[in-house]
1. Can you classify the stretch 1-138 as rounded, prolate or oblate using the Cα gyration tensor, where a ≥ b ≥ c are the square roots of its eigenvalues, rounded means a/c under 1.5, and otherwise it's prolate if a/b beats b/c and oblate if not?
2. Quick one: putting +1 on the C-beta of Lys and Arg, -1 on the C-beta of Asp and Glu, what dipole do you get for the stretch 122-231 around its Cα centre, in Debye to the nearest 20?
3. In the stretch 228-288, what trypsin sites (Lys or Arg not before Pro) fall in a loop by DSSP, with at most 15 other Cβ atoms inside 10 Å?
4. Within 10 Å of each candidate Cβ there may be at most 16 other Cβ atoms; applying that plus a DSSP loop requirement, which chymotrypsin sites (Phe, Trp or Tyr not before Pro) in the stretch 207-314 survive?
5. From Cα pairs below 8 angstrom and at least 6 apart in sequence, can you work out the relative contact order of the stretch 184-241, rounded to a whole percent?
6. Just to confirm the filter: which GluC sites (Glu not before Pro) across the stretch 235-319 are DSSP coil and have at most 14 other Cβ within 10 angstrom of their Cβ?
7. My understanding is that a pair violates if its Cα-Cα distance is over 26 Å; which of K154/K256; K150/K182; K67/K205; K154/K205; K256/K302; K67/K150 do that in this structure?
8. Roughly how far apart, in whole Å, are the Cα centres of the stretch 236-279 and the stretch 314-329?
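Any read-out appearing in this document is the output of simple, stated calculations on the displayed coordinates, not a laboratory observation. On a predicted model such as this, the values are computed, not experimentally measured, just so you know. Here the Cβ positions follow ideal geometry from the backbone for every residue, glycine too, while neighbour counts run over all protein chains shown.
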Amino acid sequence: MVDTVNRTILHVDMDAFFVSVELRRRPELVGQPVVVGGTGRRGVVAAASYEARRFGVHSALPSAVAKRRCPHAVFLAGDHALYAEVSAQVREIFDRYTPLVEPISLDEAFLDVSGAINLFGPALRIAESIRSDVRSELELDCSVGIAPNKFLAKLASVEAKPIATPDRIEPGAGVVVIEAGKERLFVDPLPVERLWGVGPVTLEKLHRIGVQRVCDLEMIDRAVLVTSLGQAQANHLMSLGVGADDRPVEVDREAKSISHEQTYSIDRRTAGEMTTELVRLADAVSGRMRAAGLGARTLTLKVRFAGFHTISRSTTTDEFVDQADTIVDLLGPILESIDPTPGVRLIGVAGSNMGRVHHQLTFDEVPGDAPEWGAKSAAIDEIRERFGSSAIGPASAVRGGGLRVVRKGAQQWGPDAG
């Protein structure tokens, strides 16, 4: 049985990760307001230096708004491939201390160090060692929260970070510890929106019944809370409100979905343009599926128009799919039913309902001299592995003498200027 009582969990969160990685190769920008993300008019901020945060610039802010708030900031296009490479180096450091590592994103992870304390010492010493290794080997900083569970460790790491105010940048503690038995002392004074699952709609409902801080949850009649939020959400918040969270650190988490979407600096308005983008996106999604050894039964097409109206339409198959041409065949009819003439600013393709692919053909489907099923895709994957993603791709993606392939994370923050 898993011991959920005596766990010691670390949440390690890199400080301004994307910006900090950029500053390693652009040291002349240290101390300046620097923003990483989509630099075009439809881009969004991926990360901001603490100097930029003093002006109200933060992640997910539209780049156009960020430029108005901090016109003297240096804006850099994101480099997802580099960040992924550095993230892997950070992961190598984590693995020295425990095999129980659950990455949440490129710049944060949960570590269960319950079994490592006898070898490396108390959790605080482990956290400081990790911070020291990251600083000395990678020239980056991170903040660490230590607690008996994941929820509290995440809250603690936020408290450990530097804080940017209009007047100055307050250095963070680096490490914050929430001791077992003192969970309520930490969570009670927090605004209720700090609880996982409390978004704008839920927050409005909680405020309506008088819940402003976490400690207010205990004062509200449970029946009132259930009436306002529903049984499941009420139970969830009541548990978090006392600092309870029994979820383990999940080491091997299979992808629940694999997707790519792209925002265009110039709207797509013709069926031909839409089909070209569908082929490109299906090629990228299928490649990632095969790399993960997974396929999808549910395929979703997402289209956002120039006026921000967004539609998502899905289809589900009996078999798991991991081939680009099959994805195009399944989503093509959906795409054809959508009129692009008002202008399409974003198209996305997603696979979900994931599982292992088992290719099985009947004798009628395979001529005697046919190559092995999937050989074409396997050859494409091998070429890309050896020569890079731009070495081969759909013919419709050729533009200006080169391939305009979709790369993972390449447009995560919107189109860049130009």
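1. Prolate, since a/c reaches 1.5 and a/b exceeds b/c.
2. 260 debye
3. Here the trypsin sites (Lys or Arg not before Pro) that fit, given the DSSP loop and packing criteria, are R253, K256, R269.
4. Passing sites in the stretch 207-314 are F308.
5. About 40 percent, as a whole number.
6. Counting only loop positions with at most 14 other Cβ atoms within 10 Å, the GluC sites (Glu not before Pro) in the stretch 235-319 are E250, E254.
7. Checking Cα-Cα distances, K67/K205; K67/K150 exceed 26 Å.
8. Centre-to-centre (Cα) distance: 18 Å.
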